[in-house]
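Heads up, the thing below is written out as structure tokens.
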Amino acid sequence: MQTTNNRAESASSIASAFASLSNGVTELPPRFVALKRELVADKEDAVLAGWNRLLERVSLEKLQNLDTSIIPEVEFKDIAANSGNIPKDIVKRLRDCGTIVIRDLVEEAQALKWKEQIRNYVNKNPQTKGFPVNDIQVYELYWSKAQLEARAHENMLAAQIALNRVWSAKPEDAVDLEVPLTYCDRVRMRKPGDRSFNLGPHLDGGSLERWEDPEYRKCYAKILSGDWENHDPFDVTHRLKATVDMYNGPGGCSVFRSYQGWLSLSDCSPGSGTLHVMPDLVASTAYTLIRPFVKQTANGIDWELGLDTPHFHGTAMGTGQELTTEFHPHLNPHGFVSIPRVRPGDAVFWHCDVAHMVEAEHGGIADSSVLYIPSVPLCEVNIAYVKRQRENFIQGVAPPDFPGGVGESQHRERGQDEDVKSIAGRRAMGFQMFEVHDRLTTGQRVAAETANAILGFN
């Protein structure tokens with residue numbers, strides 16, 4: 001009998017990750033009242049004062065003037081010409097906004113070729129599953145040859161290194177931001193007129209975990225003390241040991257993903273079923289984190305602390321963090337802007353805490369297709385995942401974070417490990433030993449040695 005290494009044996013879809021799509025239960029047990037009180041003990045006044053300052057930052061008057069131009073764009077060739085670094089002026093905008101468009105990451109002809117290859121793969125394997133079942137827009141595909149090639153493309157890996165250099169790590173942090181790993185994700189091929197793939201405003205990386213996991217909440221210590229203006233979203237230290245998926249939810253992400261991202265396979269403009277983001281990373285994160293601790297007063301205008309209910313707005317066990325018009329009215333819908341028009345070969349990346357959504361309807365005239373390819377740096381939690389992912393790849397079943405079932409194990413012309421040809425691409429997939437040399441910091445050395453031990457190369 002074939003064994004699988006997934007969080008759920010039952011087949012499912014992207015809907016499993018969100019309570020609003022899967023009708024998940026959002027009621028929380030009384031212990032979350034105690035958690036609320038614990039987190040703001042002796043900081044109540046500072047938290048409320050921070051919230052009131054935050055409301056000025058996310059006022060309707062300010063947000064409604066934002067548009068697509070706030071999202072930074074850079075040509076991949078400019079990164080390559082800058083010693084593999086994103087230009088400094090773009091870095092500043094990325095740190096503020098949290099989202100970036102990288103133009104011409106691969107050639108347009110190559111992107112279109114990959115799309116055609118994936119379509120052929122689906123046609124040869126009509127048993128392929130996806131969401132929604134009756135008219136698939138997001139395919140449960142991970143191991144097509146086109147996906148393997150795109151993830152291992154030298155420009156993709158170089159872009160991920162450049163993006164990870166925006167983060168900061170202490171010399172002793174067991175991470176190497178210069179070494180990307182591959183986290184294998186789905187394919188979206190959204191048809192014109194589609195209204196089913198309606199991902200409302202949300203954050204990836206769990207929901208309750210941001211408050212409940214002791215290490216994860218250290219990432220937001222400044223916010224939870226009311227000093228949100230000094231929050232550094234690009235500090236890697238506490239991300240490395242954070243548990244971002246305490247409830248083993250189907251569709252959740254259990255690794256440290258520095259950026260979610262996708263590679264465009266289409267010419268897609270605003271209104272064509274594309275991505276919208278909240279372009280103030282610190283403010284949207286602070287709003288989400290502080291919101292459970294405050295409530296409006298009886299006059300409907302002022303705010304006060306609210307620590308008597310277990311409600312953490314937009315959360316549920318084992319799902320993503322959702323932002324609703326009822327509980328997050330300052331962000332939803334006025335705080336979101338569309339990404340600019342993208343063409344085949346362009347890529348979009350957004351920080352793991354960026355609030356984002358997908359347009360409710362695809363109003364364009366052609367498909368809106370992307371390969372989801374996030375950025376995942378070398379560290380212990382990530383390489384442990386890659387080891388399990390490698391096993392699933394060999395078997396042809398879905399990666400560990402994704403719902404189980406037979407996956408692509410019976411698909412014709414499924415990609416194999418020999419289809420990942422470059423050393424860097426094979427290393428990112430766990431098929432090649434990591435280098436250990438004298439130029440590494442203490443933390444980088446630990447990360448490489450740990451990776452080699454976990455993968456069985458020692």
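Computed from the coordinates by the stated procedures, all read-outs in this text should not be read as laboratory data. Remember, predicted model here, so these are calculated numbers, not experimental data. Methodologically, a virtual Cβ is constructed for each residue, glycine included, from the backbone with ideal geometry; neighbour enumeration extends over all protein chains shown.
List of remarks:
- Shape call, region 172-325: gyration tensor on alpha carbons, a/c limit 1.5: oblate
- Helix 44-57 axis, angle to the chain major axis (alpha carbon atoms, nearest 10°): 70 degrees
- Above-threshold pairs, the threshold being 26 Å between Cα atoms, out of Lys88/Lys115; Lys36/Lys92; Lys113/Lys421; Lys88/Lys145; Lys124/Lys421: Lys88/Lys115; Lys36/Lys92; Lys88/Lys145
- As a length-normalised measure over Cα pairs under 8 Å and 6 or more apart, the relative contact order of the chain settles at 29 percent.
- The tail of the calculated P(r) for region 289-447 beyond 21 Å holds 68 percent of all Cα-Cα pairs.
- Restriction of the trypsin sites (Lys or Arg not before Pro) in region 347-438 to DSSP coil positions whose beta-carbon has at most 11 other beta-carbons within 10 angstrom yields Arg412, Lys421.
- For region 177-305, the tally of Lys pairs with Cα-Cα distances below 28 Å comes to 4, considering only residues 8 or more apart or on different chains.
- Oblate is the label for region 61-127, because the ratio a/c of its alpha-carbon gyration tensor axes (a ≥ b ≥ c) is 1.5 or higher and a/b is not greater than b/c.
- If R0 is taken as 25 Å, the Cβ-Cβ distance between Ala453 and Glu178 corresponds to a FRET efficiency of 0.80.
- Region 240-335 has equivalent-ellipsoid semi-axes of 28, 21, 12 Å, by the square roots of 5 times the alpha carbon gyration tensor eigenvalues, sorted largest first.
- 20 Å binning of all Cα-Cα separations within region 14-455, expressed as whole percents from 0 upward: 26, 60, 14, 0
- Cα centroid of region 180-194 to Cα centroid of region 356-409, whole Å: 8 Å
- Helix 154-164 axis, angle to the chain major axis (alpha carbon atoms, nearest 10°): 20 degrees
- Protection proxy ranking of 153-162, 346-355, 45-54, 220-229, by the mean of other Cβ atoms within 10 Å over each peptide's residues and highest first, is 346-355, 153-162, 220-229, 45-54.
- Surrounding net charge for Asp173, when Lys and Arg each add one and Asp and Glu each subtract one, Cβ distance under 15 Å: -2
- Sites Asp235 and Asn134 - FRET efficiency at Förster radius 35 Å, r taken between beta-carbons, to 0.05: 0.20
- Helix 380-395 axis, angle to the chain major axis (alpha carbon atoms, nearest 10°): 40 degrees
- Distance histogram in 5 Å bins (all Cα pairs of region 383-434, percent per bin): 4, 21, 28, 24, 16, 6, 1
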